[in-house]
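K.L.:
Take a look at the following structure, please.
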Amino acid sequence: MEKININQVEPIGMPLYEMKKFFIKQGDFKEVSMSVISLASGERIPAVGMSCHNEDEYSYIFSGEVNTYCNGEYSVEKAGEATLIPAGEEHWCINNGSEPCMLVCFMVKRAE
């Protein structure tokens, strides 16, 4: 899993706004989906076991934090951080904090 904090990303000077790009990937893509997830204190995804899928998973945490296990490593992701979990990496997350964790998640399926 790759992780980037918003404070580590240099802004791109745009005429009307500031933009920060977290991850840049090139290639042929078959499908992209976007989800917003609110994970209450104590909730785990998946509820039991591991998650593993054929899509790259890009996430940005807006509030709260989650403890994660990905590809054999434990870490904590906090508000202002973005992650990339490549297709095929086993993972899970749990909100061990006292407040909800709100994140946006993009699933990107590569063309075959």
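K.L.:
Check residue 98 against each of (1) assigned to a loop (DSSP other than H, G, I, E, B); (2) under 22 Å from residue 30 (Cβ atoms) and name the one condition it does not meet.
P.N.:
(2)
K.L.:
Residues of the range 56-84 being assigned to a loop (DSSP other than H, G, I, E, B), open to solvent by 40 Å² or more (accessible area, probe 1.4 Å) and at pLDDT 95 or above, which ones?
P.N.:
79
K.L.:
Please go through (1) among the aliphatic types (A, V, I, L, M); (2) open to solvent by less than 100 Å² (accessible area, probe 1.4 Å); (3) outside any loop (DSSP other than H, G, I, E, B) for residue 47 and return the number of the only condition it doesn't satisfy.
P.N.:
(3)
K.L.:
Report, by residue number, each residue of the range 1-34 that is surrounded by fewer than 11 Cβ atoms within 10 Å (Cβ to Cβ) and under 20 Å from residue 91 (Cα atoms).
P.N.:
33, 34
K.L.:
Name the residues in the range 41-63 that are in contact with a Leu (Cβ under 9 Å, 6 or more places away or on another chain) and under 14 Å from residue 105 (Cβ atoms), would you? Let's see the steps before the verdict.
P.N.:
First, the residues of the range 41-63 that are in contact with a Leu (Cβ under 9 Å, 6 or more places away or on another chain): 45, 56-63.
Those that are in contact with a Leu (Cβ under 9 Å, 6 or more places away or on another chain) and under 14 Å from residue 105 (Cβ atoms): 45, 56, 57, 58, 59, 60, 61, 62.
K.L.:
Let me ask you something else. Where the second residue is at pLDDT 95 or above and assigned to a strand (DSSP E or B) and the first is open to solvent by 40 Å² or more (accessible area, probe 1.4 Å) and polar (S, T, N, Q) and lies in the range 85-112, which pairs have Cβ atoms under 9 Å and are six or more apart or on separate chains?
P.N.:
96/65; 96/66; 96/67; 96/76
K.L.:
Could I ask something else about it? Out of (1) open to solvent by less than 60 Å² (accessible area, probe 1.4 Å); (2) among the polar types (S, T, N, Q); (3) in contact with a Leu (Cβ under 9 Å, 6 or more places away or on another chain), the odd one out for residue 38 is which?
P.N.:
For residue 38, the exception is condition (1).
K.L.:
Could I ask something else about it? Identify all residues within the range 2-22 that are part of a loop (DSSP other than H, G, I, E, B) and at pLDDT 85 or above; write none if there are none. Reasoning before the result, please.
P.N.:
We begin by selecting, within the range 2-22, every residue part of a loop (DSSP other than H, G, I, E, B); these are 9-11, 14-17, 20-22.
Once the filter is applied, which keeps residues that are part of a loop (DSSP other than H, G, I, E, B) and at pLDDT 85 or above, the range 2-22 yields only 22.
The values are calculated or read from the model by the stated rules, or taken from the named source; none is laboratory data. A quick note: this is a predicted structure, and the numbers were derived from the prediction, not measured. Using ideal geometry, Cβ is built from the backbone for each residue, glycine included, and neighbour counts are taken over all protein chains shown. The protein model used for the area step is the full one, side chains on, heavy atoms only, and it has no ligands, DNA or RNA in it. Shrake-Rupley method; radii C 1.70, N 1.55, O 1.52, S 1.80 Å.
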